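A short write-up of the structure that comes next.
The values are calculated or read from the model by the stated rules, or taken from the named source; none is laboratory data. The model shown is predicted, which means the values in this text are computed figures rather than measured ones. Using ideal geometry, Cβ is built from the backbone for each residue, glycine included, and neighbour counts are taken over all protein chains shown. Keep in mind that these areas ignore ligands, DNA and RNA; they rest on the heavy atoms of the full protein, side chains included. Shrake-Rupley method; radii C 1.70, N 1.55, O 1.52, S 1.80 Å.
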Amino acid sequence: MVVIYIDMDYFFAACEELRHPELAGKPFVVGTSPPEHRMRGVVQTCNYEARKYGIHSAMPMTEALKLCKDLGYVPPDDAYYEGISAKLSALVRSRGYATESDSIDEFAVDVGDMGYPEATKLAGSIKAEVRSSIGLPCTIGISSGKTFAKMVCDSAKPDGLRVVPEPELSGFLAGKSVDDIPGIGRKLSEKLASMGLDTVDKLARASATMLVGEFGEVGTYMHMIANGRETERVVENTGALSIGRERAVRINAGDAVALRNTITDLSGQVSGEVTRQGVLFKTVTIKVRYGDFTVRTKSISLNHYTDSAAVVLDTAVELSLGVDPTKAVNKLGVRVSSLVSMKGQKKLF
Ligand code: TTP
Ligand code: MG
């Protein structure tokens, strides 16, 4: 199986440069902006000029400013980024291959048993079209599975196109550190380092039984990846980015306890999936279907991305206060949307 993995470069910031060309070439960030004071916010992303100063996503704005005194700042405009993401999605999907997108700026395309030369040509034409018709740079990795193609893509940033065919995979992996494996975040890589496993090479030679004993399912995943065996498939989806859970119920909306219990359960399930997929969300929605089958949805959009389970629950509970207490309810749903992926945190190992 050959997978083409596309990840946009400094996406939100690149979108801003597209409509404000005067921003290009100078370091700037796109960051959350609490109404009281924007400098209390967090960096969402920054251009590569700002990265030279060590600035990165999720860094507090105050820290970023210490690293670069002349740092430019642009508030986020999610509707604009989502519009561009939808165009990208249509462009990538128009090629007709099974495509998975779990984040606003990333696409995994399963081209089946297409040979590497042909896949490289296809990737080159996608990259050129993203540049010519949307105006943005992206990086593309090609390899023998979704996780490997993503790692190849990460290694080729920015504005790169790199192919690592299966026979070269072990050489590619051997030079990597464990936190280059998608899903291995800081905590896990620190734990692995304390066990003497700081490189993919060492991880590959570690005992699978020991890794499973220590880390469960995650141990299997990292041992397989370290040994060049793919564990993840491309799961075709529409690119509609949300995570939701619904349940048929029979409650009287006046029964606040029953309503809250169901909302709590559903919120917990949604948060579990948010953690598993390693995404951040910005919008929480509840859906209520009343006994007469009328459906009502209500949403709250936060002013920042988060993966907090408490935020899902509190927002869903707040939204549920608007449920008509005189009616019966026969279905409830909780959903989060406006997703972005949190690099290195997938599955929160
Ligand atoms: P990424 O693809 O992780 O980052 P990027 O596209 O900005 O940079 P690159 O891929 O070249 O390294 O995330 C895509 C967008 O998601 C990013 O532009 C902004 C948003 N985002 C956040 O808002 N908060 C975060 O913590 C992260 C990681 C991303
Ligand atoms: Mg990106």
The helices (runs of 4 or more DSSP H) lying wholly within segment 128-196 that contain at least 2 residues that are in contact with a strand residue (DSSP E or B) (Cβ under 9 Å, 6 or more places away or on another chain) and closer than 18 Å to MET1 by Cα are 146-155, 166-174
Any residue at all in segment 172-182 that's under 24 Å from SER338 (Cα atoms) and either touching a residue at least 12 places away in the same chain (Cβ under 8 Å) or of a type in the set (Ser, Thr, Tyr) (or both)?
yes
Filtered residue count, segment 147-192, keeping only those that are aliphatic (A, V, I, L, M) and under 25 Å from TYR48 (Cα atoms)
10
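From the set of residues in segment 275-296 that are out of contact with any Ser or Thr (no Cβ under 9 Å at 6 or more places or on another chain) and of a type outside the set (D, E, K, R), which is surrounded by the fewest Cβ atoms within 10 Å (Cβ to Cβ)?
So the first thing to find is which residues in segment 275-296 are out of contact with any Ser or Thr (no Cβ under 9 Å at 6 or more places or on another chain), and the list is 275-276, 289-296.
Still in the running and of a type outside the set (D, E, K, R): 275, 290-291, 293-295.
On the way: THR275: 16, TYR290: 17, GLY291: 14, PHE293: 8, THR294: 10, VAL295: 10.
Here the residue is PHE293.
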Given (1) closer than 30 Å to ALA149 by Cβ; (2) in a strand (DSSP E or B), VAL274 misses just (2)
What about GLY228, is it outside any helix (DSSP H, G or I), at pLDDT 95 or above, open to solvent by less than 50 Å² (accessible area, probe 1.4 Å) and not polar (S, T, N, Q)?
yes
Could you run through segment 40-57 and say how many residues are open to solvent by less than 10 Å² (accessible area, probe 1.4 Å) and either within 11 Å of ligand 1 (Cβ to nearest atom) or under 15 Å from THR306 (Cβ atoms) (or both)?
5
Residues in segment 89-118 that are in contact (Cβ under 8 Å) with a residue 24 or more places away in the chain, outside any loop (DSSP other than H, G, I, E, B) and among the acidic types (Asp, Glu) total 4
Being modelled with pLDDT under 95 and more than 14 Å from ASP77 (Cβ to Cβ) narrows it down to one residue among GLY25, GLY41; which is it?
GLY41
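Can you tell me which residue within segment 297-313, out of those that are of a type outside the set (A, V, I, L, M, F, W, C) and closer than 9 Å to VAL284 by Cβ, is surrounded by the most Cβ atoms within 10 Å (Cβ to Cβ)?
SER299
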List the pairs whose first member sits in segment 125-151 and is among the charged types (D, E, K, R), whose second member is assigned to a helix (DSSP H, G or I), and whose Cβ atoms are under 9 Å apart, counting only residues at least 6 apart or on separate chains?
GLU129/LEU91
